[in-house]
């Protein structure tokens, strides 16, 4: 997996611990890019530390059941995604505008007791995510595009179909998963899908369920 100027192929290419940024509804996937506006002091410090080291932070959602730790901070989901900071701009008013590119998913094996204001976890990376072509040929591309087109039509949205047609399956599945306007539970299901084929099938199923519900709501409003 080539991300920015770094290449990740083996477990030793990744740190065993990673600072984490809990953010509900945020989905980062391998190869995907996520812009972030960093303004909280603890996360500004996190970015400074990451930039001085491996440039990696972990995007992870708070626990879906709303559980809290004794200190009032949310518990974390068990799976997140490590991202490399590939660009950083200072705004002049104390913020950072950064761009993350996903490297690989990870499972939290332990949250560390640290003195930093930001949280850190020990992680077990999903090494299969580092493969150059993660089973992209197995994706049912026509079914995925059919669901995507139906969603756009139902919501009066448009897409750059020329770019969509050129995108490789892995990039297409992950980009659509990241941009899909679904809730935290659906986002976590997409993140934790066993492989690219399963993620595509999950995205299709979520989209079809959403469209069916919208049709039911529209029908009810006419009665």
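Below, the figures for the structure above:
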| read-out | value |
| --- | --- |
| Given (1) touching a strand residue (DSSP E or B) at 6+ places or on another chain (Cβ under 9 Å); (2) closer than 24 Å to residue 93 by Cα; (3) loosely packed, with under 14 Cβ neighbours inside 10 Å, index of the condition residue 21 fails | (3) |
| Check on residue 128, at pLDDT below 95, surrounded by 13 or more Cβ atoms within 10 Å (Cβ to Cβ) and either touching a helix residue (DSSP H, G or I) at 6+ places or on another chain (Cβ under 9 Å) or within 27 Å of residue 174 (Cα to Cα) (or both) | yes |
| Residue list for the stretch 34-62, restricted to those being loosely packed, with under 12 Cβ neighbours inside 10 Å and in contact with a strand residue (DSSP E or B) (Cβ under 7 Å, 6 or more places away or on another chain) | 35, 37 |
| Residue under evaluation residue 116, criteria (1) surrounded by 15 or more Cβ atoms within 10 Å (Cβ to Cβ); (2) within 16 Å of residue 54 (Cβ to Cβ), criterion not met | (1) |
| Answer from 97, 145, 88 - the residue that is part of a helix (DSSP H, G or I) and surrounded by 12 or more Cβ atoms within 10 Å (Cβ to Cβ) | 145 |
| Unique match (being in a helix (DSSP H, G or I) and under 22 Å from residue 78 (Cα atoms)) among 185, 124, 194, 170 | 185 |
| The lone exception for residue 65 - which of (1) modelled with pLDDT of 95 or more; (2) closer than 30 Å to residue 214 by Cβ; (3) surrounded by 12 or more Cβ atoms within 10 Å (Cβ to Cβ) it fails | (3) |
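The values are calculated or read from the model by the stated rules, or taken from the named source; none is laboratory data. Note that the structure is predicted; figures quoted are calculated from it, not measured. Note that we place each Cβ from the backbone using ideal geometry, even for glycine, and neighbour counts take in every protein chain shown.
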